[in-house]
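What follows is a single structure, written as structure tokens, with notes after it.
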Amino acid sequence: MAKKMKLLTVAEGVETEEQVEYLKAVGCDIFQGYYFSKPLPVNEFEEKYKLY
């Protein structure tokens with residue numbers, strides 16, 4: 001339904017590679033969760049991902 005409405009889909013709480021592969025297969029646009037990173041304080045996030 002989200003695709004028909006031209007909305008991006010976001011999956012939260014992704015913890016395994018199997019979940020990532022499934023979400024890719026069904027067309028999910030964005031994923032987040034412990035599979036990618038534990039929650040980080042802002043300064044650690046900025047250092048890790050060099051946003052500035």
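For the structure I just gave you, tell me whether A11 is at pLDDT 95 or above and of a type in the set (A, V, I, L, M, F, W, C).
So A11 passes the test.
Does at least one position in region 18-25 carry a residue that is open to solvent by less than 80 Å² (accessible area, probe 1.4 Å) and assigned to a loop (DSSP other than H, G, I, E, B)?
There is no residue in region 18-25 that is open to solvent by less than 80 Å² (accessible area, probe 1.4 Å) and assigned to a loop (DSSP other than H, G, I, E, B).
Just to be sure I understand, how many residues within region 1-17 are surrounded by 11 or more Cβ atoms within 10 Å (Cβ to Cβ) and out of contact with any Ser or Thr (no Cβ under 8 Å at 6 or more places or on another chain)?
Qualifying residue count for the region: 6.
Can you name every residue in region 31-52 that is open to solvent by 80 Å² or more (accessible area, probe 1.4 Å) and not aromatic (F, W, Y)?
Hits for region 31-52 are Q32, K38, P39, V42, N43, E44, E47, K48, K50, L51.
Where the second residue is at pLDDT 90 or above and open to solvent by 90 Å² or more (accessible area, probe 1.4 Å) and the first is of a type in the set (S, T, Y) and lies in region 33-52, which pairs have Cβ atoms under 6 Å and are six or more apart or on separate chains?
Y34/E15; Y35/E15
The values are calculated or read from the model by the stated rules, or taken from the named source; none is laboratory data. The structure displayed is predicted, hence computed values, not measured ones. Counting neighbours? That spans all protein chains shown, and the Cβs are built from the backbone with ideal geometry, glycine included. Each accessible area value is taken on the protein alone, full model and side chains, heavy atoms only, with ligands, DNA and RNA left out. Shrake-Rupley method; radii C 1.70, N 1.55, O 1.52, S 1.80 Å.
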